[in-house]
Amino acid sequence: MINFVNIFLSSVLIAFAWNMFLLPHKILSSGVAGIAMMLALITPINTGIINYALNLPLMVLGFCKLGKRFMFYTIFSVTVTSIALLLIPIKPISSDPILSSVFGGVLAGIGTGLIFKSSGSTGGFDIIIFMLTRKKELPAGMLMFALNAIVIFVAGFVFDWDSALYTMLSIFVSGKVIDAIHTKHLKLTLMIITDNGEKVREHLISKLVRGITIMDGEGAYTRERRKVLFMIISRYELAGVKRLIKEIDPKAFVNVMETVEVMGYFRRDG
């Protein structure tokens, strides 16, 4: 229920940022949302309708390929955001496009970061990146940059290059806020110290496609024997993995470390 409340409020916040700060100045968001905003500005169709229509095939595909809980939260987020876009009027709070870019990016980043922390996503490119990097070792950061660059480039031709630069500023600010709330690294290393090593291993293996390395550990003070599990995940999986660990061992010690680079495959084969 807490996750649903967080996602609901965060999705409304994102819609507020778009309609009150970005859209009045022809400033776009990142990803599929940016495409929806662009189409809404050149057609009489509301952004909410276009946003949902563009996300619908991605959500169906993601529901078949990705975790059901992750996609259920994502569908809920996209639905709430799209409805809120229909209900919130497009009315500028500030007449300054730079201020609107910054504050719109901050609010959208807060909403997106909180949705990530609640085990969901805002749909669009997040689903595409998650599906691509879940099975193949692709540079997720570069993919996200390339997809967003296309949105910015098209915005420059459709509107003007000032709008494209304001869009770039908004996306940059939003990304920094997301990094501060969630994590800036796309891959993370988890060190899990637990008394229930085998049960935790089985639970994680049954739900994830990631490999796990297990080592024997011993407490320096208590001299108790424990299992130490190492695994590398994507940042989209962090909230879900923490939930899975707590289901088996709420007292497990988990150290989350930022991973700069991974050589070789970090998914489970088979």
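The values are calculated or read from the model by the stated rules, or taken from the named source; none is laboratory data. Only a predicted model underlies this, so the values are computations on that prediction, with no experimental measurement involved. Virtual Cβ from ideal backbone geometry, glycine too; neighbours counted across all protein chains shown. Just so you know, the surface numbers come from the protein's heavy atoms only, side chains and all, with ligands and any DNA or RNA stripped out. Shrake-Rupley method; radii C 1.70, N 1.55, O 1.52, S 1.80 Å.
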Checklist entry - Out of all the residues in region 49-60, is one or more touching a helix residue (DSSP H, G or I) at 6+ places or on another chain (Cβ under 8 Å), among the aromatic types (Phe, Trp, Tyr), outside any loop (DSSP other than H, G, I, E, B) and farther than 17 Å from Asp126 by Cα? => result no
Checklist entry - Going through region 67-90 one residue at a time, which ones are under 18 Å from Thr47 (Cα atoms), open to solvent by 40 Å² or more (accessible area, probe 1.4 Å) and not polar (S, T, N, Q)? => result Ile75, Phe76, Ile83, Leu86, Leu87, Pro89, Ile90
Checklist entry - Filter region 91-105 for residues that are under 19 Å from Ser30 (Cβ atoms) and β-branched (Val, Ile, Thr); which is surrounded by the most Cβ atoms within 10 Å (Cβ to Cβ)? => result Val102
Next on the checklist: Looking at Ile45 and the list (1) within 16 Å of the chain's Cα centre (by Cα); (2) part of a loop (DSSP other than H, G, I, E, B); (3) aliphatic (A, V, I, L, M), which single condition is not satisfied?
Outcome noted: (1)
Item to check | region 17-58: number of residues that are touching a residue at least 60 places away in the same chain (Cβ under 8 Å) and among the hydrophobic types (A, V, I, L, M, F, W, C) | outcome: 16
Item to check | Out of Ile193, Ile181, Ile171, sole residue that is of a type in the set (Val, Ile, Thr), open to solvent by 40 Å² or more (accessible area, probe 1.4 Å) and within 29 Å of Ala149 (Cα to Cα) | outcome: Ile181
Next on the checklist: List the residue pairs whose Cβ atoms are under 8 Å apart, where the first residue sits in region 187-213 and is at positive phi, the second is of a type in the set (Asp, Glu) and surrounded by fewer than 20 Cβ atoms within 10 Å (Cβ to Cβ), and the two are 6 or more positions apart or on different chains.
Outcome noted: none
Checklist outcome for this item: Picked from region 165-191 (must be over 20 Å from Val106 (Cβ atoms) and in contact with a helix residue (DSSP H, G or I) (Cβ under 8 Å, 6 or more places away or on another chain)), the residue modelled with the highest pLDDT is Leu190
Checklist entry - Out of region 40-49, which residues are over 23 Å from Gly175 (Cβ atoms) and hydrophobic (A, V, I, L, M, F, W, C)? => result Ile42, Ile45, Ile49
Checklist entry - Looking at region 87-103, is at least one residue of a type outside the set (Asp, Glu), in a helix (DSSP H, G or I) and over 18 Å from Ile171 (Cβ atoms)? => result yes
Checklist entry - For region 16-66, which residues satisfy the criterion of being open to solvent by less than 60 Å² (accessible area, probe 1.4 Å) and on the phi > 0 side of the Ramachandran plot? => result Gly31
Checklist entry - Given the structure, is Leu13 touching a residue at least 60 places away in the same chain (Cβ under 8 Å) and surrounded by 18 or more Cβ atoms within 10 Å (Cβ to Cβ)? => result yes
Checklist entry - Condition test on Phe63, is it modelled with pLDDT of 90 or more and either assigned to a loop (DSSP other than H, G, I, E, B) or within 17 Å of the chain's Cα centre (by Cα) (or both)? => result no
